[in-house]
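The values are calculated or read from the model by the stated rules, or taken from the named source; none is laboratory data. Computed from a predicted structure; not experimentally measured. Quick reminder, even Gly has a Cβ in these numbers, built from the backbone with ideal geometry, and neighbours come from all protein chains shown. Protein only, heavy atoms only, side chains kept; ligands, DNA and RNA dropped before computing areas. Shrake-Rupley method; radii C 1.70, N 1.55, O 1.52, S 1.80 Å.
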Amino acid sequence: MSKKSFKDYTLSEEIVRALDSLGYEQPTDVQSEVIPIALMKKDLAVKSQTGSGKTAAFGIPLCEMIEWEENRPQALILTPTRELAAQVKEDIMHIGRFKRIKATAVYGKEPFAKQKAELNQKCHVVVGTPGRVMDHIEKGTLDLERLKYLVIDEADEMLRMGFIEQVEAIINELPEDRMTMLFSATLPKDVENLCHRYMKNPMDIEIKTTESTSDQIDHSLFIVRETDKFNLLKDVTIMENPDSCIIFCRTQEHVDNITMQLDRMDYTCDKIHGGMEQDDRFQVMNEFKRGEFRYLVATDVAARGIDIENITHVINYDLPLEKESYVHRIGRTGRAGKTGTAISFVTPHEDKFLADIEGYIGFEIRRRDVPTREEVIHGKAAFDEKMNIQPTIKRDKSGQLNQEILKLYFNGGKKKKIRAVDFVGTIAKIEGVTAADIGIITIEDNVSYVDILNGKGPLVINSMKNTTIKGKLLKVHQANKQ
């Protein structure tokens with residue numbers, strides 16, 4: 001069977017161009033199944049494993065179907081975590097970049113007033129966690145009148161984290177005449193019930209992976225006493241010598257303690273857990289994505305849908321107590337057709353949890369003997385060599401796209417009665433520039449930001465230094481990175 005291309009779908013030139021810039025060559029299995037049906041605006045319930053390309057599967061049709069001219073939100077995407085909300089917002093902005101799609105993320109532990117101001121702007125897509133989305137609905141700061149599309153992402157995680165009631169409360173506030181898409185790695189009964197209660201004859205799509213999880217990921221475990229775990233971790237990291245590794249712990253205290261000990265031993269590492277400030281969590285995640293350090297020590301907060309390329313190893317320092325968590329954790333490796341390694345430390349008293357996990361994944365995990373002293377010494381030279389190599393910083397997948405985009409700052413906004421159409425009308429008259437070269441426009445009270453596409457930014461800056469907008473000459477320069 002010949003592989004499809006994104007050009008085979010009825011997608012606009014702007015979306016295809018963005019996908020080309022992002023390096024999206026051929027649709028994944030879930031994208032091939034979902035995109036044509038989603039473009040027909042049919043309700044969908046999709047079961048597909050993590051790492052299969054679900055975000056683009058709903059992001060591409062959403063960006064295609066959204067009408068740019070409509071200023072109020074047309075799509076709502078619900079995610080279980082703040083990190084995932086921020087990531088999905090970024091992906092939607094990249095896919096919809098040349099169509100000027102504006103997405104806003106709303107989640108807890110960030111100022112409500114700042115989000116309210118963003119929602120007041122032209123906004124096509126809102127991505128958020130259930131609690132904060134409900135807050136905005138109750139306070140009247142999220143306009144639902146023009147909402148046509150709802151996406152429930154990682155539905156099984158919503159259920160596991162106790163968000164399903166909030167999700168139902170949000171659904172009850174939405175217009176009934178809408179399209180709903182639900183995505184889940186697993187489909188527990190409560191999630192199925194959600195589909196049947198709130199969706200119109202949903203089409204069920206289940207993506208069977210061509211390789212089973214045992215083929216794609218090498219699973220193994222060590223039986224180890226709690227007091228011996230850290231020494232085993234040292235030996236295993238020397239033996240395995242991973243390029244990029246997440247070490248999962250059950251508690252924040254364990255994360256803090258292990259990170260501190262690894263740091264003392266000069267491992268390039270950092271940590272992430274729910275007790276950290278949100279900005280710090282984002283910073284750590286972004287640095288890990290770029291490859292600035294090799295070991296990330298984390299609680300399950302890092303397992304939920306975060307897309308990081310080329311993680312070679314996942315180590316469950318603490319075995320998860322819920323079988324679904326095992327699947328979400330190990331899903332950080334072996335993504336997008338690559339192979340990965342998942343190693344678990346199991347204490348002698350955790351037989352029941354291990355049996356639950358093995359029953360759930362459908363096979364017995366290979367038991368391993370603890371490395372001998374000789375084996376560790378034999379692996380030490382290669383480990384030390386890799387420890388001394390400077391990390392290669394990975395380029396963000398949107399790097400090529402953003403190279404051609406310059407964000408401009410203007411010192412005038414709503415208080416000077418300036419609107420988006422005023423910028424479009426003025427900039428499009430510059431010789432060599434058309435309306436297609438103008439990207440997302442954000443107008444605040446006293447300042448405005450305008451994305452200029454296709455490498456035309458310097459040309460626009462030079463022209464606008466001597467050109468008025470609505471009779472006003474505004475200061476213009478390249479905006480600071482936001």
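Assorted remarks:
- Only helices enter the 222 nm calculation for the chain: every DSSP H run of n ≥ 4 contributes -39,500 (n - 2.57), and dividing by all residues gives -11000 deg cm²/dmol, rounded to 500.
- Placing +1 on the Cβ of every Lys and Arg and -1 on the Cβ of every Asp and Glu, with no other charges, gives the chain a dipole of roughly 2140 debye about its Cα centre.
- Of the peptides 287-300, 138-151, the order by per-residue mean of other Cβ atoms within 10 Å, starting with the highest, comes out as 287-300, 138-151.
- Computed extension gain for Phe363 through Glu25, at 0.36 nm per residue and net of the alpha carbon distance, reaches 118.3 nm.
- Checking the cross-link pairs Lys102/Lys139; Lys41/Lys109; Lys116/Lys429; Lys99/Lys148 against a 25 Å limit on the alpha carbon distance flags Lys41/Lys109; Lys116/Lys429 as lying beyond it.
- For the chain, the share of accessible area belonging to carbon and sulfur comes to 48 percent (1.4 Å probe, ligands and nucleic acids excluded).
- Reachable lysines, given that their alpha-carbon falls under 21 Å from the alpha-carbon of Lys234 and they are not under 8 places away in the same chain: Lys271, Lys380, Lys386
- All-pairs alpha carbon distance profile, the chain, 10 Å steps from 0, percent: 4, 18, 27, 25, 16, 7, 2, 0
- Whole-Å distance, taken between Cα centres, linking segment 40-70 and segment 170-189: 13
- Legend: calculated FRET efficiency, Lys41 to Met161, from the Cβ-Cβ distance at R0 = 41 Å, rounded to 0.05, equals 0.90.
- Derived scalar couplings between HN and Hα for segment 362-376 equal x, 7, 8, 7, 5, 7, 10, 7, 4, x, 7, 4, 4, 4, 5 Hz in order, rounded to whole Hz, by the Karplus curve 6.51 cos²θ - 1.76 cosθ + 1.60 (θ = phi - 60°), x for Gly and Pro.
- Cα-based reach from Lys323 at 18 Å (exclusive), listing aspartates and glutamates while leaving out same-chain residues under 8 positions away: Glu154, Asp156, Glu157, Asp190, Asp218, Asp300, Glu350, Asp351, Asp356, Glu358, Glu364
- Pairwise label distance in nanometres, Thr434 with Asn411, each label 7 Å out on the Cα-Cβ vector: 3.4
- The order of the peptides 459-470, 248-259 by mean Cβ neighbours within 10 Å, most packed first, is 248-259, 459-470.
- Relative contact order (percent, whole number), the chain, Cα cutoff 8 Å, 6+ residue spacing: 15
- Accessible area ranking (1.4 Å probe, heavy atoms, ligands and nucleic acids excluded), largest first, for Glu154, Glu69: Glu69, Glu154.
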